[in-house]
Amino acid sequence: MSEIDPATARPSGTFLADGEWHRLHPASPLLKGGIALIAILGVVVANLRERIFDMFVPHIPQEDDPIDFIVNHGLIVWALIVVAIVLVVLTAGFYASWRMHLFRITDEVVEVRSGILFRTNRKARLDRIQGINIIRPFIARLFGAAKLEINQAGQDANVQLSYLRSAAADDLRREILRLASGTRRVATGDGSPEPSATGPGGTGPGGAALAQAGPGGAGLTDTRGANGAAGTAAASGTAASGTAGTAAAASGAAASGAAGQSVIERRVSEFLAPELDPDAAPPESVVKLDLGRLIGSMALSGSTVFLLIVVAGAIAWIITTGEFFALFFALPGAIGFGSYYIRRFTKSLRYSIAGTPDGIRVGFGLLSTSNETLPPGRIHSVQVSQPLMWRAPGWWEIKVNRAGHSSTKGADGQANTTILPVGDRDDVRRVLELMLPELLAQSVESVPAAGEAIDSAISVIESGLESRGGPDDGFTNSPRRAAVLRWFSWRRNGFAITTGSLVLRKGAIWRQLVIVPQPRLQSVSLHQGPLLRPLKLASVHLHTVSGPISAQLGAIDRDAAVKFFEDVARVAVSAAHSDTTHRWRAGEQQA
Amino acid sequence: MADRLELPDATWQRVSPRLIVSEYVGAVVSTAVACGVVTILTLLVFGPLVWLFVAVGIVAIITVVLMPRRVRSIGYQLRDDDLLFRRGILFQRFVAVPYGRMQLVDINRGPLSRMLT
C-alpha cells in the first residue's frame, strides 16, 4: 500500500469520483459489525445494573454465575485485563480494517481494496454495471450513512461500499452513472479535455446543474436523518419547499401526482425523490402505491389462500378430534406468516419507481430503504402476471430478470426482481414504458413523432394482457388442436414480435405476459417431444440470464414455431449489433 | 416422419462417425458397471435378481440399436452470425446461439477420443 499517500486518501464526504483513493465513512466498522458488539455490551451492562442494585439492597446471593465465580476467586484484575485486551484488539482491528479499506472511481473502473491480512482488490468496469443500489439500513440511517452497492453480472459479483455518508452516496451514484453512460466522451469534444480532474462542474451539459444541486442535496439529507429519528416540524417545512421546487420542474404524468397532496404525503415523496437534482429527472414516482391496494393485494395473494386452507384444516381437525394440541403447531406458522406479511407490507409501503436519464430508479422500504438505479439495457426480461384473484380488481405484478444479483431483498423478501408489486393497467403501462423504451423502438425524444408505432406496440401489450385470444389480435396463437395440452389458454397461448421486443403470452387463468428485449436475448431453442409431435406442435424457449422468469412457450403450431425460431435467431443478431446500451448515452458508439 | 421438426434452409454439418465407437465403449462400460452392481446386490442381500439383469440388458440393447441414429441426429451449422445446432430423435432440440453471446468455448478430449483420431 506504499503507493497510496495517506494524505490523498481522504474520508468520504466531498467529491468522490475523481480517480483518487478514498476511505469509507468512519463509522463503517461500527455499522457493519459493531452493532452486535454494542448489543453484547448492553446485555453485560444490564446485568451489572442488577448486580449494583443487589449491592445496596440486601438480597440472597444467586447461584454461581460467572461474575460470582470471578469475584469469589479473586480474579477481578485478570478479568478486567482480559476485557481490556479484547476491547483494544477489536478497536485496533476495526480501525485497521477501516484504514485499509479504500476505493476509487476512475473513468473506466470502480476499484476497491480491503483486508488486513488477506488483501483483496476488486475492479469493476463501469460499462458492465448492471445496477447501482443505495441501501440505508435502519440503524445506518440514524447515523446518516448509506451503503452503495454496484451490481455486476454474476453471483457474488457486487462491489459494496459500506458505508458512505448519505449525501455522498447519492452524489457518487450519479457520478458513476455519468461516467458509465459515456457522456464524458461527448463532453471531451466540447473542449474540456480532462473532466475528471476539474470536478463535476463543466464536464458536460449536466455538470453545472449537478454542482448547483449540491447544497440542496445536503439539506435534503439532513432532513432525512431527522425524519429517520423523529420527523420534526422543521424538517417537513424544508421538505415541502423542496418538493414544490421539484414538482414545478416535473412535467406530464409526474406533475399530476404532486397536486393536492397532504404535507405528509409530500414529505414521503420527497423522502423517496429519486433524484435530488430536479433537472436530472422527473422526481415523482410514476406509480403511487396506495395503502388500500397494497393491503388488498396482500389479502388476495396465494399465501393468504394457503393460510385460510391451513386455518380451515386446523379448525376442522379440532372440531372432529376435540384435541387442541394442533394449536401448538399453528403458533410458529402464525408467527411466520405474520412476519412475512409485515415484511412485505413495510417493504412495499414506500415503493417508488421513476425514470432518470440513467435508467429507472426503484425504491423500496419503510425503515430500511433501498433505492436502486437500473441503467438502460440491464433488464433482460419482463414478466407481467396476474394471479386469478387479482383479476376482479384488475391488478398486475411485474418482475424482471437481471444479470446482477443485489444482496438486499425486494418487496417479497425474495431476490430484488419485483419491479412493481401491484398496479393497475395504467401503472403497468407506465412502468413498461420506463423499462422498455426499446419495446417502442423509439428514443425518448422522438416519441411524439412516432405515434403510430407506439400505438401498435401498446395495443400488442394490451391485448397481450387482457385479450381472451383469437385469430387477429397481433399474436400468433396455438391452433385448436393444442387444446389437448392447453385446456383453457390455447386461444391466448401465443407469441408476437414487435419492433424492439419479443412478446410471449400465456395462461388463461394465471395470465402472464413475458417480454424479452431483443438485444438481451442470449440464445433461442426449439423443442419437440413425443407428446407434441403427433399434434404437430412444438415449443420455443427464449434464453436470457437466469431469474424468476422463464421465457418458454409450449404447444404452438410446428410451422409457426419453426418460423418464429428462425426470425428470432435473425433478429437477435441484428438487435445485438445495433445495441449501444453498455454506454447508454454515448451516441452512436459501437459495441 | 413427416411430423418431425426440420429447418427449411439448413445444411447440417454432422459429427464424426467415430463418435459412435466412442459412445459404444461408454455404453459397454456403463453396462458392465450396472451388471456389477446387480451382481453385488444378488450376492449380498436379495436372492437372484433375474429381472434386474433383464432390465439392464434391454436398456443396453436399446442404447446399442439407437446409438448410430442418435449420433447422426447431432448436427451443427456455423452460420454468418450464429451457431445453430440440433440433437435428439425422440426429443428434438434446436438451439441458435449468436457468436456475440458466447462467453467461452471448451474442447474436451479424453484418452479414448485421442485414440480414435
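Data overview
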read-out	value
Check on B:D80, closer than 30 Å to A:Q518 by Cβ, exposed (fewer than 11 other Cβ atoms within 10 Å of the Cβ) and either within 11 Å of chain A (Cβ to nearest Cβ) or of a type in the set (A, V, I, L, M, F, W, C) (or both)	yes
Scope the range B:89-99; condition more than 7 Å from every other protein chain (Cβ to nearest Cβ) and modelled with pLDDT under 90; matching residues	B:I89
Complete set of residues in the range A:353-407 that are within 15 Å of A:N133 (Cβ to Cβ) and of a type in the set (D, E, K, R)	A:D358, A:R361, A:E372, A:R378, A:R402
Wholly within the range A:470-550, strands (runs of 3 or more DSSP E) carrying at least 3 residues that are within 14 Å of another protein chain (Cβ to nearest Cβ) and buried (at least 20 other Cβ atoms within 10 Å of the Cβ)	A:523-528, A:537-543
Selection status of A:A575, at pLDDT 90 or above and more than 8 Å from chain B (Cβ to nearest Cβ)	no
Residue satisfying condition, being touching a Phe, Trp or Tyr at 6+ places or on another chain (Cβ under 9 Å) and of a type outside the set (G, A, S), within set A:L117, A:L161	A:L161
Sole exception among (1) within 10 Å of chain A (Cβ to nearest Cβ); (2) surrounded by 13 or more Cβ atoms within 10 Å (Cβ to Cβ); (3) modelled with pLDDT under 90 for B:M102, by number	(2)
Qualifying residue in the range A:289-308 (condition: farther than 27 Å from A:V428 by Cβ, surrounded by fewer than 14 Cβ atoms within 10 Å (Cβ to Cβ) and among the charged types (D, E, K, R))	no
Residues located in the range A:540-580, provided they are under 20 Å from A:R491 (Cα atoms), out of contact with any strand residue (DSSP E or B) (no Cβ under 7 Å at 6 or more places or on another chain) and of a type in the set (K, R)	A:K563
Failed item, numbered, when B:A60 is tested on (1) within 14 Å of another protein chain (Cβ to nearest Cβ); (2) surrounded by 10 or more Cβ atoms within 10 Å (Cβ to Cβ); (3) not aromatic (F, W, Y)	(1)
A:Y351 touching a Pro at 6+ places or on another chain (Cβ under 8 Å), at pLDDT 80 or above and within 28 Å of A:D290 (Cβ to Cβ)	yes
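Per-residue answers, yes or no, for (1) charged (D, E, K, R); (2) within 14 Å of chain A (Cβ to nearest Cβ); (3) surrounded by 15 or more Cβ atoms within 10 Å (Cβ to Cβ); (4) under 30 Å from A:L526 (Cα atoms):
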| residue | (1), (2), (3), (4) |
| --- | --- |
| B:Q13 | no, no, no, yes |
| B:P17 | no, no, no, yes |
| B:A27 | no, no, yes, yes |
| B:S30 | no, no, no, no |
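The values are calculated or read from the model by the stated rules, or taken from the named source; none is laboratory data. Values in this document were obtained by computation on a predicted structure and should not be read as measured data. All Cβ positions, glycine included, derive from the backbone under ideal geometry; neighbour counts span all protein chains shown.
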